[in-house]
Amino acid sequence: MVYMEYAATDWTPMIKEDYLKANPTADPSAFDWYMIETLALTMEKFVDIVLVLALTFIGLYIGSTIRKPAKT
């Protein structure tokens with residue numbers, strides 16, 4: 001789902017706006033824009049994956065504490 005979101009959305013305007021807001025005097029070339037966008041999307045993917053892993057482990061922990069003990 002994370003990769004499909006990036007394929008379906010045009011992130012370029014948002015990334016350019018944020019970058020130029022942070023660096024108002026910058027004048028990157030086309031290749032620089034490509035690298036900036038790639039790094040921004042990589043950062044987003046990393047944050048999404050870390051969030052998914054954290055929620056997975058929290059769910060596993062809660063599920064293991066709620067599970068009824070096995071009868072012996």
Original post:
What angle, in degrees between 0 and 90 and rounded to the nearest 10, separates the Cα long axis of helix 12-22 from the longest principal axis of the Cα atoms of the chain?
Top reply: 80
Original post:
Quick one, which of (1) 0.92; (2) 1.30; (3) 1.13 is the actual Rg/Rh (Cα atoms, Kirkwood Rh) calculated for this model?
Top reply: (2)
Subject >> Rounded to 10°, Cα long-axis angle of helix 30-66 versus longest principal axis of the chain >> reply: 10
**OP:** Could you tally the net charge around E17, taking each other residue with its Cβ under 13 Å from the Cβ of E17, Lys/Arg +1 and Asp/Glu -1?
**Re:** -1
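Throughout, read-outs are computed from the coordinates displayed, never taken from laboratory work. Since the structure is predicted, the reported quantities are computational estimates derived from the model, not experimental observations. Please note: Cβ atoms are built from the backbone with ideal geometry, for glycine as well, and neighbour counts cover all protein chains shown.
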